[in-house]
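Chemist: The structure that follows is given in the form of structure tokens.
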Amino acid sequence: MKKWLAAVCMMFVLAGTIHAQDKPRELDSVVLHWTTLGKYSGTILVVQKDKILLHKGYGLKSHHQEKQPDENTLYVTGGLTEMFTSALVFRLQEEGKLSIKDTLSKYLPGFPFSDRVTIGHLLSHTSGIYDYMMDDSLYMMGTTTPRERKDITGIIKRMPLSSEPGKEYKPSTSDYYLLGMVVEKVTGTSYYEAMHKYIITPLGMENTGFNYGGFGSWDKSQGYSILNYQRMLPAFPIDSTVSFASGALFTGTKGMQKLAQAMLGNKLLKKSSWQTMTTAQADSFAYGFEVRELAGRKAIGHTAETYGYVHCFYVLPEDSTVIVILSNDFESEIFYILDDIIAVLYNQSYTLPKQRSSVFLEEARLKHYEGRYEFENGMDLNVYARDKLLWGKINGGQEFTMLADVIPEEFFMSSADVEFRFVRDRKTNLVTHIIIRQNRKEITGKKWQ
């Protein structure tokens, strides 16, 4: 009996060991599947309990080199920069150079709202300050070439607050742009110099900086607005003078791992600072970090989108799990890939998507969807049938085909990762709305013509 029990116990131990050994292979298989579908390009790092389970590149690094990314590939991080800017602000607070309770007027008195907005409001995106990246005048000046500071601050100054400071979570690029200016005020150096001195160098982050266009390296990735088997559309990164302290940092998965290690080991900053930084203030957002649950565990990190790039970064302190997904394809399905990675790590079920195929619909059926659809953001979509296909055209843009899916009322684009679902009125059976899905986000348009 004892021998039998010992044998059974050994079987469980061996099964657990084999299962653990299979995780790296399964993770790689999951990401390869999404890559094969043309829905991911970039570098992924997965670490659990100090063991690297996956660190590999997929897809295309750049059409200039025709090589796939690897563990040394560099990316423009966009909004991930906010975590580093937040760490810098808290480092300066530890040195007594500022306090997150200080009002902006102490450092930047020239702004009309400076006596009502605190540094903490900026860090937590609860300032109510207008986002200059939403302003049409900025795009008329251009975002991919250097801009003078007065071009940006002029936009911020002339717009009223959208809400009372501290009352509402509303992400604004302006928040971290102003934090960068505060850093310069209290350190007497540029934001870039302060970041290198206090954060990048102490963390040991190599090949990391801010002027991506001026950085010479074969490890740089090219960002793409569209990157799949049918179409390739390179994107031009936002100039660092425009994105500044909110999104100008470039690094790779190794650099992001350095931040994760500091978070888990309470390095660089005091433990109390890390705890404050990662405690949610409003709508699950802390001071530069998002706080959420993944697989029932607390996860701290950030997501980011910028021209040609989309990323996510999460640290799960409970078991020292680190997940870094960096992508140079704006349409990469990083959030579904994140879900699948979490499922593999925590033994949850998941289903990988199959390659989509289109079906033929009679033109009379296609005409049911014809019309003009209006969206809250001002976008207008014209849908029409021609040559036995459904076509779409947005606000004077180029027309595109909408292929019929095997699922009724659903269509998709073959040249970009965009899906369309038409909604009918239950009483009249007439099409009344269209739902457009891209990058796991949905917008709804109402048929008005």
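Chemist: With only Lys, Arg, Asp and Glu charged, each at its Cβ (+1 for the first two, -1 for the last two), find how big the charge dipole of the chain is about the Cα centre; round to the nearest 20 debye. Mind dumping the intermediate values first?
Modeler: Numbers: 51 positive and 51 negative charges, 163 e Å.
Magnitude of the dipole: close to 780 debye.
Chemist: May I pose another question? So for region 52-140, taking the charge dipole from beta-carbon charges (+1 Lys/Arg, -1 Asp/Glu), which of G59, L88, G128 sits furthest toward the positive end?
Modeler: Toward the positive end, the furthest listed residue is L88.
Chemist: In the neighborhood of P109, defined by Cβ-to-Cβ distances under 13 Å, what is the net charge if each Lys or Arg adds +1 and each Asp or Glu adds -1? Before the final figure, lay out the partial values.
Modeler: Details: positive: K106, R116, K157, K185; negative: D102, D115.
Computed value for this residue: +2.
Chemist: Same structure again: With runs of 4+ DSSP H residues as the only contributors, calculate the mean residue ellipticity of the chain at 222 nm using -39,500 (n - 2.57) per run, divided by the residue total and rounded to the nearest 500. Present the calculation step by step, with values, prior to reporting the outcome.
Modeler: Numbers: 12 runs with 134 residues, N = 449.
After summing the helix terms and dividing by residue count, I get -9000 deg cm²/dmol.
Chemist: Please give the peptides 73-86, 138-151, 308-321 ranked by average Cβ packing (other Cβ atoms within 10 Å per residue), highest first, as a rough proxy for protection. Mind showing how you got there, number by number?
Modeler: On the way: 73-86: 27.0, 138-151: 12.9, 308-321: 21.2.
The densest-packed peptide leads the list: 73-86, 308-321, 138-151.
Chemist: Another question, if that's okay. Which order, highest average first, do 332-341, 350-359 follow once you tally other Cβ atoms within 10 Å for each residue and take the mean per peptide?
Modeler: Working: 332-341: 21.7, 350-359: 10.4.
Per-residue mean Cβ counts within 10 Å order the peptides as 332-341, 350-359.
Chemist: So what's the net charge close to L53: Lys and Arg +1, Asp and Glu -1, counting the other residues with Cβ under 15 Å from its Cβ?
Modeler: Working: positive: K23, R25, K49, K51, K56; negative: D22, E26, D28, D50, E71, D319, D340.
The answer is -2.
Chemist: Measure out, as a whole number of angstrom, how far apart the alpha-carbon centroids of region 314-352 and region 111-160 sit.
Modeler: 33 Å
Chemist: Hey, can you grab everything whose amide H is under 5 Å from the amide H of Q68? Only 5+ residues off in sequence or another chain; H modelled, so Pro and N-termini drop out.
Modeler: K61
Chemist: While we're here: Tell me which residues come under 5 Å, amide H to amide H, from L54 once H is placed; ignore anything under 5 positions away on its chain.
Modeler: V46
Chemist: I'd like to know which of A295, H368, S358 lies farthest towards the positive end of the charge dipole of the chain, counting +1 on Cβ of Lys and Arg and -1 on Cβ of Asp and Glu.
Modeler: Of A295, H368, S358, it is A295.
Chemist: Just to confirm a number: summing +1 for Lys and Arg and -1 for Asp and Glu over residues other than D319 whose beta-carbon lies under 12 angstrom from that of D319, what do you get? Numbers along the way, then the final one.
Modeler: Numbers: positive: K49, K51, R297, K298; negative: D50, E318.
It works out to a net charge of +2.
Chemist: Here is a follow-up. Any idea what the relative contact order of region 51-345 is, in percent, if you count C-alpha pairs under 8 Å spaced at least 6 apart? Don't jump to the answer; show the numbers that get you there.
Modeler: Details: 550 pairs, mean separation 69.9, N = 295.
It rounds to 24 percent for region 51-345.
Chemist: Nearest 20 debye, what's the magnitude of the dipole of region 186-335 about its Cα centre given +1 on Lys and Arg Cβ and -1 on Asp and Glu Cβ? Please list the in-between numbers first.
Modeler: Working: 11 positive and 13 negative charges, 103 e Å.
For region 186-335, the charge dipole is close to 500 debye.
Chemist: Please list, in order along region 213-221, the HN-Hα scalar couplings obtained from phi with the Karplus expression 6.51 cos²θ - 1.76 cosθ + 1.60 (θ = phi - 60°), rounded to whole Hz, x for Gly and Pro.
Modeler: x, x, 8, x, 6, 6, 7, 5, 8
Chemist: Hey, if you put +1 on the Cβ of every Lys and Arg and -1 on every Asp and Glu Cβ in region 331-443, which of G397, T432, I443 ends up farthest toward the positive end of that dipole?
Modeler: Final value for the positive-end residue is T432.
Chemist: Based on Cβ point charges of +1 for Lys and Arg and -1 for Asp and Glu, what charge dipole magnitude is obtained for region 361-449 about its Cα centre, in debye rounded to the nearest 20?
Modeler: Details: 15 positive and 15 negative charges, 53 e Å.
So the dipole magnitude of region 361-449 works out to roughly 260 debye.
Chemist: Please list, in order along region 88-95, the HN-Hα scalar couplings obtained from phi with the Karplus expression 6.51 cos²θ - 1.76 cosθ + 1.60 (θ = phi - 60°), rounded to whole Hz, x for Gly and Pro.
Modeler: 5, 4, 5, 5, 5, 5, 4, 8
Chemist: Ok, one more. For K67, list the lysines whose Cα falls under 21 Å from its own Cα; do not include residues on the same chain fewer than 8 positions away.
Modeler: Within the straight-line cut-off, K67 pairs with K39, K56, K220, K254.
Chemist: Given H placed 1.01 Å from N in the peptide plane, which residues other than close sequence neighbours of H433 have an amide H under 5 Å from its amide H?
Modeler: Correct list: V423, K447.
Chemist: Residue by residue through region 352-363, which ³J(HN,Hα) values in whole Hz follow from phi under the Karplus form 6.51 cos²θ - 1.76 cosθ + 1.60 (θ = phi - 60°), with glycine and proline marked x?
Modeler: Using θ = phi - 60°, the values come out as 7, x, 9, 4, 6, 10, 9, 10, 8, 10, 4, 4 Hz.
Chemist: Determine, for S217, S41, S114, S124, the number of other Cβ atoms within 10 Å of each Cβ, and report the residues in order from fewest to most.
Modeler: S217, S114, S124, S41
Values in this text are rule-based calculations from the coordinates and carry no lab data. Bear in mind that the values here come from a model prediction, so they are computed numbers and not experimental data. Cβ coordinates were reconstructed from backbone atoms using ideal geometry, including for glycine residues, and neighbour counts include every protein chain displayed.
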